Amino acid sequence: MALILTTPTVAPAIAAGQATAQSAPAATTGTGPAWRTAARLHRGVNILGYDPLWRDAAKARFKTRHFRIIRQGGFDFVRIVLQSFGHMDAQNRLDPQWLATLDRMVREASAAGLGAIIDEHDFNACSKAPDACEPKLVAFWTQIGERYRDAPPSVLFELLNEPHAPLDAARWNAMLRTLIPLVRRTNPDRTLVIGPSRWNNLEELPRLELPAADRNILVTFHSYEPFRFTHQGAPWAPELTAVKNVPFTAADERRIKADYDTVGAWSKANDRPVLMGEFGAYEKSGTPMAARARYTATVRHEAEAHGFPWAYWQFDSDFILYDIDRDRWVEPIRQALVPAATNAAAPR
């Protein structure tokens, strides 16, 4: 059954005068519908990737009211991070209860005036075994495409987060030649979000092959450089687990600007709008808050100066923007992301 969302799309909510639209510039003007989508997206946050609600709603950390908190905190879209493969049966059919939870999250995001990117995030499984992954992605987007065919244009589809070797550029491009037409059969006018290989690395943008006639694709990249700074102490990066006290320097700031200059030039040359879908600095290894806030503000400023909408990684879990246990924003990070944000208590 198709999900029909009757709440207003994000565009009218932004136009109503909220701080996000006033303080973040529109994307550089180009041609085609994806540019119009980029122009109404500004500041976003990744949500729900590791929340218990996907298996037991009674244990959910993220609550309905958090959508309103996000909106009033100065953000206008969310990227809903999904590991769907663990919720499929032997025939790759998605669990109905899991789908109902996704429906509710998308509906409540829209009701709060937030756009929503549905992000398929089984990137490690897909990259480890692309041949086993592809039929699961086909099954996922067949089911989601049908279910959300009548959803408002504020709902976007991100086909796969961070493909990486052995899911290299050639294999990813071949997979896209299957996935894009499949989604277009049910969602001919939906904005798709697609990034290059090597973990959505900006250096891979020239190798990304997209159908020339499809101008409703928002190209994404992720930005964690300088990696030695942003991931110091991260347990999933073995070479950095014991690393501490790496500063964020003026040279790092110059590199970020130069990198985004490169992305902006690619965007202009290819007439493709760009979304920076993830960035952040790991907080659990004792990196000083001042350094993390300076990094965050630098990335946000350069993204906006280049006309890239962005989504911070992430609301809860790690790299956190909102402390759910204390029910409050991590204010230095929010202030770095939304300079006009106030220190008012989060709404209940």
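Every number here is computed from the coordinates shown, using simple stated rules; none is lab data. Source: prediction; values computed, not measured. Cβ placement follows ideal geometry from the backbone for every residue including glycine, while neighbour counts extend to all protein chains displayed.
Over all orientations, segment 87-231 has a Cα convex hull whose mean projected area works out to 9.6 square nanometres. Placing one equal scatterer on every Cα of segment 151-212 and applying the Debye formula, the log10 ratio I(q)/I(0) at q = 0.11, 0.15, 0.24, 0.25 Å⁻¹ is -0.25, -0.45, -1.01, -1.06.
Springs between Cα atoms under 10 Å define the GNM used for the chain, and in it the highest mean-square fluctuation of R55, R326, R71 occurs at R326.
Based on alpha-carbon atoms, the Kirkwood radius and the radius of gyration of the chain give Rg/Rh equal to 0.93. For segment 89-160, the relative contact order works out to 47 percent when only alpha carbon pairs closer than 8 Å and six or more residues apart are counted. Pairs with C-alpha atoms separated by more than 31 Å, drawn from the list K59/K244; K59/K136; K136/K244, are K59/K244; K136/K244.
Normalised by 2.2 N^0.38 Å, where N counts its residues, the alpha-carbon radius of gyration of segment 222-339 equals 1.07. Computed over segment 122-180, the P(r) tail beyond 20 angstrom holds 26 percent of alpha carbon pairs. What the Kirkwood sum gives for segment 57-128 is a hydrodynamic radius of 13.5 Å, with every pair of different alpha carbons counted. Ellipticity at 222 nm from helices only: DSSP H runs of n ≥ 4 in the chain, each -39500 (n - 2.57), divided by the residue count, give -12000 deg cm²/dmol.
Placing +1 on the Cβ of every Lys and Arg and -1 on the Cβ of every Asp and Glu, with no other charges, gives the chain a dipole of roughly 660 debye about its Cα centre.
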